[in-house]
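Right, one structure below, let's go through it.
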Amino acid sequence: MRNTARALVAVVQRAKDGAWVLPRGKLKRDEPARAAARREVVEETGHHVAVNEFLGAITYRAGGKSKVVQFWQMQAQDDASHDLMADIVAVDWLSLEAAVRRLRYPLEKLFLRRIGRRALQRRDDRKLPRPLAAKKAGKKSGDKTGKNKIKDKGKSKGNDKGKGKDKNKDKTGRKSNAKHKAKPKKSRKSRRAKKAGK
């Protein structure tokens, strides 16, 4: 795929039969499948590519043998870096729908139609900027904590004025005895004198 406003899919035309196919090729000895896929795409399209995720595989029989072709989603550079290999006469960059129509083989058509939409969605997801939600959430939570602290302080002040404040405390914080002075105990003599008066 090319990094344009609208994703474009590469299809190549083979020299031997003129068929339009997806870029593919054979593994070299001891070559990893991913590395081989990248090499073949570069040779057949002329564009350097960055290999992304594995998309799937197709299996078919040719010449009495079973063959497996693995596909990766790749991001091609805008400009071609070298000429096409001799086995390929043309490369075309098409929309997903046009690429499906251009392909010769029904199995490749079916594969590209099914897997292509998923590959395009993943490409679009990679182009989106990294979300700042985590950072923003952190700031918001910090702000809320600060606000809560201020509110709590306000509530405590309110409580000092009303319910929470001890009216019996003076400015120093000690309990005042102004309203609650203990009554002096009367002696026995004063009690007897009072009774005698009655």
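The values are calculated or read from the model by the stated rules, or taken from the named source; none is laboratory data. Just so it is clear, the model here is predicted, and its values are computed rather than measured. Heads up, the Cβs are rebuilt from the backbone with ideal geometry, glycines too, and the neighbour counts pull from every protein chain shown. Each accessible area value is taken on the protein alone, full model and side chains, heavy atoms only, with ligands, DNA and RNA left out. Shrake-Rupley method; radii C 1.70, N 1.55, O 1.52, S 1.80 Å.
Search region 45-65 for residues that are farther than 15 Å from Ala119 by Cβ and pair each with any residue that is assigned to a strand (DSSP E or B) and open to solvent by 70 Å² or more (accessible area, probe 1.4 Å) when their beta-carbon atoms are under 6 Å apart and the residues are at least 6 apart or on different chains.
Between residues of region 45-65 that are farther than 15 Å from Ala119 by Cβ and residues that are assigned to a strand (DSSP E or B) and open to solvent by 70 Å² or more (accessible area, probe 1.4 Å), the close pairs are Thr59/Val68; Tyr60/Lys67.
Does Arg29 fit the bill of being at pLDDT below 90 and among the basic types (Lys, Arg)?
For Arg29, the condition - at pLDDT below 90 and among the basic types (Lys, Arg) - is not met.
Of everything in region 105-117, what is touching a Gly at 6+ places or on another chain (Cβ under 9 Å) and open to solvent by 50 Å² or more (accessible area, probe 1.4 Å)? Give them in sequence order.
Arg114
Mind counting the residues in region 71-103 that are part of a strand (DSSP E or B) and open to solvent by 80 Å² or more (accessible area, probe 1.4 Å)?
1
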